[in-house]
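Okay, so here's the structure we're looking at.
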Amino acid sequence: MLFKKPRIGIALAGGGAKGLAQIGFLEILEKNEIPIDIISGTSIGAVIGAAYALEPDIEKLKATLRILLESDVFRDLKLDKFKSVEEDSWFDRIRNRLRISLTFAEAATRPSLVPEIQVIRLFDELFGEKTFEDTELPFAAVALDLTSGKDVLFREGLIKDAVRASTAIPGIFPPVKMDGKMLVDGGVTANAPVTAAEELGADIIIGVIFGYEPPPPGKLESSMSVILRGDELAKLKLFRMLIEKADYVVEIDAGNTHWTDFGMYEECVERGKEAAIRHLDRLKRISSGGLFRRWFSFKDGSLKG
């Protein structure tokens, strides 16, 4: 048993448009014949992970997502409204403050800023009626139940419902009501879905993330900006605790990509490739060795006894 080939689990973190880099990461693994036995995902990681688990072919995954991102269904989400413009002039400052004011006004009177029907259409387009039983690789998605405060691990049912719940950014996308639960983006409490990969039976878990450090705070000039910054830092602290459970961590530098910058598809994919290539020797050793994690850890890019 000591020399049994380990089952490799890939835990794909959330990160909005930065998550497109995970495509590049998977591409390098596939081209180098590094086996993926299990995939877990949170938020955008659930989107990428589900699509790849259903059909583990990187070229088909790239074509599918490119078509989706260029579709009217995706454009109808109007995600650009959540991105502030650079404040190079007084007009830009006024426009940003007006946009923020209108967004908060909408948030106070509506359950979400993006209508539910548009989100449903998006995941219908991507996954249709496919279920977890249709996946070629074991897959799990993570969401958070606002009612109980517990993480919810999806391993059965319709893929589209699980991924919609895992990507339901609170306030932006509508919560998913299911079986007495009110489900939102798993990234709130489990942005590193390491436990999910473990529960699927992975012997060694590779976490794919977008950084340990908080982004720049911006201008903390309003009470809301201070509240949001505090929430951001609290989630980051929890994230660091979760990712410590992974056996090896690949950090992708996606630059200053805003979570809505899905137009940076090519750049993000390239960033993912670069990260995978930097770790390629280690990843090959991990996938080929018959080592159990209770004897060895592969964290921080080095073997530790």
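The values are calculated or read from the model by the stated rules, or taken from the named source; none is laboratory data. Note that the structure is predicted; figures quoted are calculated from it, not measured. All Cβ positions, even for glycine, are placed from backbone atoms using ideal geometry, and neighbour counts span all protein chains on display. Ligands, DNA and RNA are excluded from the accessible area calculation, which covers all protein heavy atoms including side chains. Shrake-Rupley method; radii C 1.70, N 1.55, O 1.52, S 1.80 Å.
Laid out as a table, the results:
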quantity: Alpha-carbon gyration tensor eigenvalues x 5, square-rooted, for segment 175-247, Å; calculated: 27, 19, 7
quantity: Amide hydrogen neighbours beyond the local backbone of GLY15, cut-off 5 Å, H modeled; calculated: ILE44, GLY45
quantity: Rounded percent of accessible protein surface that carbon and sulfur make up, segment 179-276, 1.4 Å probe; calculated: 55
quantity: Accessible surface of segment 1-80 [probe 1.4 Å, protein heavy atoms]: carbon and sulfur percent; calculated: 52
quantity: Percentage relative contact order, segment 122-211, counting C-alpha pairs under 8 Å, at least six apart; calculated: 28
quantity: Qualifying GluC sites (Glu not before Pro) in segment 1-48, DSSP loop, other Cβ atoms within 10 Å at most 15; calculated: GLU33
quantity: Heavy-atom surface of segment 7-66, accessible at 1.4 Å and reported per residue (Å²); calculated: 25
